[in-house]
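Visitor: One structure, pasted below without further comment.
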Amino acid sequence: MPPRLMTLAICIGWIVTTGWLLHREVWPRWRADEPPPFTLYGADEVKSHQYFVNWRVYLDGKEFYHAHTSVQCVKDDIFELVANLNLKGEARDQVLGSQLHSLKSVYLVNHAGDLQQITSDIWFPNPTGQKSATPDVRFEALPRNDRLMQNSRRMVPNVRGRASEPLVPFKTEPKPFDTSVRGGCLNPLHPFSRLKGLREGQHWQTRLHNPLNEARSIEFQLAPAATGEYWWRVAKDTTALDWNDEHVVCLLVTYKGDDINIRIWVSTKDNKVLRQEADFSGEHWVMEREPD
């Protein structure tokens with residue numbers, strides 16, 4: 001029989017090895033349904049300055065748009081995540097009707113990961129080719145405490161259109177939605193700077209917010225935009241992405257639904273979102289990050 005100290009050392013080694021194995025292989029699977037928090041999308045990079053990222057934006061293979069996203073601490077513990085997507089000057093004669101002219105998407109979040117407010121402004125082309133001061137459609141959602149569900153935080157959406165000045169509410173009654181789960185909701189045309197905390201094989205449920213389709217359904221009486229909660233998944237294996245003349249190892253985050261497909265490439269080196277693709281309404285959107 002080995003000495004007691006050796007027996008104790010063997011037991012401690014076995015416990016440490018088993019704990020490491022459980023932490024690395026088992027625990028991530030138990031936590032697979034937990035989404036990355038909103039604050040880790042980029043707000044943790046900002047203290048007293050504003051952080052910008054520029055994006056090349058392709059619609060059906062043509063670089064019609066340019067976008068930039070930013071993260072800024074606006075007050076105390078509140079961060080503003082903004083995406084501005086605008087039609088490039090040389091493309092204005094080629095984009096008409098229900099195609100997008102400009103979009104401004106704003107998320108307000110706190111550092112704990114709670115979504116505080118959503119605002120999306122949409123502009124469509126007009127005969128002058130210039131963007132009006134007032135958006136054609138505004139989608140906004142504000143929090144409302146639900147007394148019946150103490151742990152639930154519900155966002156109450158409101159849609160307004162430029163039937164007159166100022167914007168007036170449409171005669172619709174959008175359903176409130178729950179944002180008590182971290183991850184809030186995702187706009188396919190609002191890429192985030194970074195996605196931290198991802199793991200191979202991870203999956204989570206979050207709400208899809210597609211303001212362009214929602215605006216089209218109102219302005220042009222098209223089919224109503226799909227809403228609700230959807231499942232996002234991280235591929236079990238990494239993939240290589242050709243970006244900025246480099247082969248970058250990425251995690252691929254995907255959502256495939258009946259009416260929309262979304263793919264997001266996230267660098268395993270620094271958690272930067274390098275590329276975001278979205279297919280909906282017969283259109284193929286690609287947003288590719290420009291080098292910092």
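Visitor: Mind checking which residues of region 61-93 are more than 18 Å from residue 119 (Cα to Cα), of a type in the set (A, V, I, L, M) and in a strand (DSSP E or B)?
Guide: 87
Visitor: Give the residue, chosen from 214, 200, 165, that is of a type in the set (Asp, Glu), in a loop (DSSP other than H, G, I, E, B) and either surrounded by 13 or more Cβ atoms within 10 Å (Cβ to Cβ) or modelled with pLDDT of 80 or more (or both).
Guide: Going through 214, 200, 165 in turn, the sole match is 200.
Visitor: Considering only region 241-290, state which residues are under 15 Å from residue 57 (Cβ atoms), modelled with pLDDT under 95 and in a loop (DSSP other than H, G, I, E, B).
Guide: none
Visitor: Also: Which of the residues that make up region 266-288 are within 16 Å of residue 189 (Cβ to Cβ), touching a strand residue (DSSP E or B) at 6+ places or on another chain (Cβ under 8 Å) and surrounded by 15 or more Cβ atoms within 10 Å (Cβ to Cβ)?
Guide: 273, 275, 276, 277, 278, 279, 280, 285, 286, 287, 288
Visitor: Just checking, which of 157, 224 is at pLDDT 55 or above and assigned to a loop (DSSP other than H, G, I, E, B)?
Guide: 224
The values are calculated or read from the model by the stated rules, or taken from the named source; none is laboratory data. Being a predicted model, the structure only gives us computed values, none of them experimental. We place every Cβ from the backbone using ideal geometry, glycine too, and count neighbours over all the protein chains shown.
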